[in-house]
1. In this structure, does residue 101 turn out to be more than 19 Å from residue 48 (Cα to Cα) and at pLDDT 90 or above?
2. Restricting the search to segment 89-98, which residues are of a type in the set (Asp, Glu) and either surrounded by fewer than 15 Cβ atoms within 10 Å (Cβ to Cβ) or modelled with pLDDT of 95 or more (or both)?
3. Return the pairs, sorted by first residue and then second, in which the second residue is of a type in the set (A, V, I, L, M, F, W, C), the first residue lies in segment 25-41 and is touching a residue at least 60 places away in the same chain (Cβ under 8 Å), the beta carbons are less than 7 Å apart, and the residues are 6+ apart or on different chains.
4. Quick one: which strands (runs of 3 or more DSSP E) lie wholly within segment 119-227 and hold at least 3 residues that are β-branched (Val, Ile, Thr), crowded, with 17+ Cβ neighbours inside 10 Å and at pLDDT 90 or above?
Amino acid sequence: MTCIIIEDEIPAQNIIKRFISKIPSLKLIGVFKAAIEANSLLNAENIDLVFLDINLPDISGIDFIRTVKDPPAIVITTAYPEFAVPSFELDTIVDYLVKPFSFDRFLKAVNKSKIRLEASKVNNEHSEETVYLNVDKTFHKLVLNHICYIESERNYVTIVTENKKLSFIDSLKNWAEKLPEHQFIQVHKSFIVNAKMVDKISGNTLFINSNKIPIGRTYKQELLTKLGV
């Protein structure tokens, strides 16, 4: 796993670097004193894991992670145990290490990160799965990851991608059960959306490209939680 350190205290940097050097599966890419310094690297490189302090210059570690699109796995390294609960509200945070921590505790956090990364790879592979839909006696190839949203009306569902619409007899419940739940979210009794395709939310309306999709009152909080809003 590729990793970086974001830590403003030199002694703490040295301890983490020493621990990383003991784990062959970790490759240290960079060390930064401030979160902003790491921003360009996170955008340019495929970083698997970040060892992140909370109390940093300019912007806190937690606030910084909220600004990163598709953040990697995060292991918090901090002297402040009181931030543990709000930190775990971010799905990307795998573990929370309170200084001073032992190598054994550090290794446990790394192993948890490996499990998270492997699970993420499996989910990504699953999202690229294809199915063939029989619509009007024609079989259409459909990549699950390309679905924008699914709409249900009476006994029919309509699957909408960026370049096609396919309508056939089926139920929304059936599709809710077969699609990856981390990526596809039911937002209304008649709609399931691909979280990766959501452009914006305004009030009780969700936008995917030029399509407006209603958000049901009972579904809104779960939608916002899964989107990290």
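1. On the way: more than 19 Å from residue 48 (Cα to Cα): yes; at pLDDT 90 or above: yes.
The answer is yes for residue 101.
2. As a first pass, look at segment 89-98 and keep what is of a type in the set (Asp, Glu): 89, 91, 95.
The answer is 89, 91.
3. 25/1; 26/1; 26/3; 26/20; 26/110
4. Values: elements: 130-135, 138-143, 147-153, 156-161, 165-169, 184-188, 191-194, 200-202, 205-208, 211-214.
Because the criterion is at least 3 residues that are β-branched (Val, Ile, Thr), crowded, with 17+ Cβ neighbours inside 10 Å and at pLDDT 90 or above, the strands (runs of 3 or more DSSP E) in segment 119-227 that meet it are 156-161.
The values are calculated or read from the model by the stated rules, or taken from the named source; none is laboratory data. Because the structure is a prediction, the values reported are computed rather than measured. Please note: Cβ atoms are built from the backbone with ideal geometry, for glycine as well, and neighbour counts cover all protein chains shown.
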